[in-house]
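Structure, as structure tokens:
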Amino acid sequence: MQPSLAKRALGVAAGAALLQLVMIIAFAWPSARLAPRDVPIVVTGPQAAAVADRLGRAQPGAFAIETRRDEAAARAALTDRKAYGAIVTTPSGPRVLTASGASPMIAQQLGQLVQKMAQEQGAVAQGTQARSAQSQAPAVQDVVAADPDDPRGAGFGALVLPLIMSGIAASVLLTFAISAPAWRAAGVVVFALLGGFGAAGIAQGWLSLLPGSYLTLAGVMSLSILAVAGTVAGLAAAMGRAGLGVGALLLLFLGNPLSAASSAPELLPQPWGALGQFLPPGAAVTLLRSMAFFDGAGAARALTVLMAWAAAGLALLVVGELRVRGKEEPVEREPALA
């Protein structure tokens with residue numbers, strides 16, 4: 001008996017160590033490889049072509065640069081979530097337009113990059129970098145600003161993990177406490193509504209992390225929670241308890257690190273950044289940003305993704321309910337021959 005227990009102990013320890021390595025890689029690797037990759041920005045003004053060329057040479061592959069006809073068009077690109085920033089060239093020097101509501105990290109990086117370029121250009125023209133820093137530093141205007149109580153987006157970035165973990169925890173509790181998948185589905189919906197309205201109240205009313213309509217934000221959070229909890233509970237109904245592990249691995253170890261809640265999808269290694277937008281955590285982040293800061297601009301895909309995951313989770317719960325009912329139906333016996 002003792003050798004069997006020893007093997008089991010070693011197996012559990014090795015499995016736990018492997019899980020630890022997976023968690024470290026999943027959570028640390030995307031953050032350790034943050035860098036701009038085809039970040040959409042626009043340039044405009046009389047020197048737009050020259051600036052676009054310099055940006056391309058300064059950081060190859062970092063930006064997807066588009067030229068717009070004037071400053072108004074550049075601003076529209078930011079408010080419509082078509083670009084993260086804009087550079088407006090003028091005879092007196094460049095001006096930088098940012099949208100920290102979309103990504104405070106990109107807004108900061110873009111301002112620093114353009115300022116560095118202006119300093120280098122001034123140093124060549126005037127002979128000293130010190131003089132250029134005073135005369136050539138571009139003005140920066142935040143067109144779509146993050147919440148003033150959370151200018152760096154740290155609080156916003158911390159919202160995602162609790163929503164995922166609570167959704168998984170609720171699914172586990174419902175799976176073990178309620179045998180009927182139909183009632184589990186009802187519990188998931190009630191939890192999503194209560195959780196969404198409660199989370200929106202804390203995020204907006206107490207912590208002041210998000211502007212906009214409370215009801216709209218509550219609806220977004222409720223849908224996000226429904227997508228997470230419904231998926232995990234649905235997988236459990238269809239696969240048994242193993243579905244809980246599959247759902248947790250998919251949403252917690254993959255979906256959360258790829259959500260880009262504290263950065264942006266274009267800063268993550270590709271194609272992982274793009275993949276994250278098709279998982280509930282990443283779609284929830286994008287939809288929250290769109291509704292809170294951009295009056296719904298750029299929300300269509302994220303809304304579709306969340307609705308699809310929520311519908312799939314509820315559909316799996318229906319399948320589980322039909323399976324349970326099929327097992328409970330008595331088998332009719334043929335009448336005995338006289």
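Structure above, values below:
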| quantity | calculated |
| --- | --- |
| Shape parameters for the range 146-254, alpha-carbon atoms, Rg then Dmax in Å | 14.9, 47 |
| Bridge type composition, the chain - antiparallel percent by DSSP, nearest 5 | 25 |
| Test item: Cα-centred dipole of the chain, Lys/Arg +1 and Asp/Glu -1 on Cβ, debye | 620 |
| All lysines inside 26 Å of Lys82 as judged from Cα atoms, apart from same-chain residues fewer than 8 positions distant | Lys116 |
| Solution diffusion estimate, µm²/s, Stokes-Einstein, the range 247-318, Kirkwood Rh from C-alpha pairs, 4 °C, viscosity 1.567 mPa s | 104 |
| Cα radius of gyration and Dmax for the chain (Å) | 25.5, 114 |
| Stretch gain in nm, segment Leu18-Trp272, where the contour uses 0.36 nm per residue and the Cα spacing is subtracted | 89.3 nm |
| Positive minus negative residues near Gln277 (Lys, Arg vs Asp, Glu; Cβ under 11 Å) | 0 |
| Computed [θ] at 222 nm, deg cm²/dmol, the chain (DSSP H ≥ 4; -39,500 (n - 2.57); rounded to nearest 500) | -20000 deg cm²/dmol |
| Net charge contributed by nearby residues that have their C-beta within less than 10 Å of Ala299 (K/R +1, D/E -1) | +2 |
| For the range 154-215: span of alpha carbons on each principal axis (Å, largest first) | 40, 22, 13 |
| Rel. contact order, % - alpha carbon contacts under 8 angstrom, at least six apart, the chain | 17 |
| Distance from the range 78-113 to the range 26-67 (C-alpha centre basis), Å | 11 |
| Mean Cβ count within 10 Å, highest first, over the residues of peptides 54-64, 302-312, 97-107 | 97-107, 302-312, 54-64 |
| Whole-angstrom Cα spans of the range 154-328 along principal axes, big to small | 51, 35, 24 |
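Each reported figure results from applying straightforward, stated rules to the coordinates on display, with no laboratory input. Computed from a predicted model, the values in this text were never measured in an experiment. Note that each Cβ is placed from the backbone with ideal geometry, even for glycine, and that neighbours are counted across all protein chains shown.
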